[in-house]
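The values are calculated or read from the model by the stated rules, or taken from the named source; none is laboratory data. Not measured: the values here are computed from a predicted model. A quick note on method: Cβ atoms are made from the backbone with ideal geometry, for glycine too, and the neighbour counts reach across all protein chains shown.
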Amino acid sequence: MQLKGKTALVTGATSGIGQVTAIMLAGEGANVVVCGRREDRLQQTMASIASLGSSVLPIQMDVTREAECDAAVAKAVDTFGSIDILVNNAGVMLLGPIHEADTEDWRRMVDTNVMGVLYCTHAALRYMMPAKSGHIVNISSTAGRTVRAGAGIYNLTKWGVNAFSEALRQEVHAHNIRVTIVEPGIVATELRDHITHQQAKSAIEATANSITQLTSEDVARAILYATTQPSHVNVNEILIRPTEQAM
C-alpha cells in the first residue's frame with residue numbers, strides 16, 4: 001500500500017495501459033480518478049478498482065477539450081482533496097505515409113497526443129505547485145526516439161512529448177514535482193486497431209505479430225515503479241521494449 005492516501009488521475013483509462021495502470025495504482029492504495037471517452041468501459045474499470053476496496057471516481061472526458069481537462073482535475077481535487085499523480089496516457093497512433101495522409105488523422109494525433117498532455121498537465125499544476133508535491137507521468141513511445149517512414153506525424157507528437165517532459169521537469173523540480181516519461185515499444189493493445197491507412201496497418205500488425213509483444217501489465221509495472229519511489233528520487237525516463245524488437 002505504498003500509495004495510500006494519494007490520488008492518481010489516469011487518462012485513457014478505458015482500455016490497455018491506462019486501464020491496467022489505474023488498477024495497479026489502486027492496488028497500492030491510491031484513490032484513482034479514471035478518465036476516458038467510453039462510458040461503458042469506464043464503468044468496467046471502476047468495477048475492477050472497487051473490487052479491490054479502493055476509492056474510484058470515473059469521469060467521462062475527452063482530453064482534446066481543455067475545459068473538460070480542467071473540470072476533471074478540479075473534480076478529482078474536490079472529491080479526494082488533492083491530485084498527487086497524473087498519468088497522461090490517452091493517445092492515438094494513426095500511421096501512414098505523409099503524401100497519402102488523411103489530414104484529419106494528423107489533427108487527431110496532435111490534439112490527443114500533444115494538446116491533451118498539455119491541457120491535463122496545465123490543470124494539474126494549478127494544484128501541485130501550491131502543494132509543492134506531485135508526479136506527472138507522460139506516456140511516450142520508442143517512436144519518440146526512432147523515426148520511421150510511415151510514422152512521421154506520430155513521431156512528431158511523441159518527440160514533442162519527450163521535449164515537453166524535460167522542459168517541464170526543469171521548470172517544476174524546485175516545487176518538488178517529479179516528471180517521468182515512459183517510452184514503450186510494441187505493446188499488445190487496441191492502439192493499432194484505429195489506423196485508417198490499410199497498408200500501414202497491415203505492416204505494423206505483421207511486425208507486431210512476429211515477436212512477443214509487451215503487455216499492458218509490463219508497462220503499468222514500469223509506471224508503478226516510478227511512482228512508488230521515495231519522494232527524493234525522480235525516475236526521469238523509462239524506455240521499455242520487447243526483447244525481440246530491434247528499433
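Residue by residue through segment 128-159, note down the ones that are out of contact with any Ser or Thr (no Cβ under 7 Å at 6 or more places or on another chain), over 26 Å from GLU205 (Cβ atoms) and not aliphatic (A, V, I, L, M).
Keep residues of segment 128-159 that are out of contact with any Ser or Thr (no Cβ under 7 Å at 6 or more places or on another chain), which gives 128-130, 132-134, 139-157, 159.
Filter once more, keeping what is over 26 Å from GLU205 (Cβ atoms): 128-130, 132-134.
Listed by number, the residues that qualify are PRO130, LYS132, SER133, GLY134.
Of SER133, SER141, all but one fail to be touching a Pro at 6+ places or on another chain (Cβ under 8 Å) and not aromatic (Phe, Trp, Tyr); the exception is SER141. When ASP84, ASP102 are checked against the criterion of being surrounded by fewer than 20 Cβ atoms within 10 Å (Cβ to Cβ) and of a type in the set (Asp, Glu), ASP102 stands alone in meeting it. A residue that is under 25 Å from ASN88 (Cα atoms) and modelled with pLDDT under 95 occurs somewhere in segment 232-247.
Scanning segment 198-247 for residues that are assigned to a helix (DSSP H, G or I) and hydroxyl-bearing (Ser, Thr, Tyr) yields a count of 5. Does ARG169 satisfy being part of a helix (DSSP H, G or I), basic (Lys, Arg), in contact (Cβ under 8 Å) with a residue 40 or more places away in the chain and surrounded by 15 or more Cβ atoms within 10 Å (Cβ to Cβ)? Considered against the rule, which asks whether it is part of a helix (DSSP H, G or I), basic (Lys, Arg), in contact (Cβ under 8 Å) with a residue 40 or more places away in the chain and surrounded by 15 or more Cβ atoms within 10 Å (Cβ to Cβ), ARG169 comes out as yes.
Screening ALA149 on (1) closer than 27 Å to ILE240 by Cα; (2) free of Cβ contacts under 8 Å to residues at least 40 places away in the same chain shows it passes everything except condition (2). The combined condition, being more than 21 Å from LEU118 (Cα to Cα) and modelled with pLDDT of 95 or more, is not fulfilled by LEU42.
THR227 - would you say it is of a type in the set (S, T, N, Q) and under 20 Å from the mean Cα position of the chain (by Cα)? Talk me through it step by step, then tell me what you get.
Working: of a type in the set (S, T, N, Q): yes; under 20 Å from the mean Cα position of the chain (by Cα): yes.
Yes; evaluated as a whole, the condition is true for this residue.
Out of segment 174-190, which residues are buried (at least 20 other Cβ atoms within 10 Å of the Cβ) and at pLDDT below 95? Within segment 174-190, just THR189 meets the criteria.
Suppose we filter GLN229, GLN199 for residues that are of a type in the set (S, T, N, Q), at pLDDT 95 or above and either buried (at least 18 other Cβ atoms within 10 Å of the Cβ) or over 18 Å from ASN138 (Cα atoms) (or both); which single one remains?
Numbers: GLN229 fails: either buried (at least 18 other Cβ atoms within 10 Å of the Cβ) or over 18 Å from ASN138 (Cα atoms) (or both).
On inspection, the qualifying residue turns out to be GLN199.
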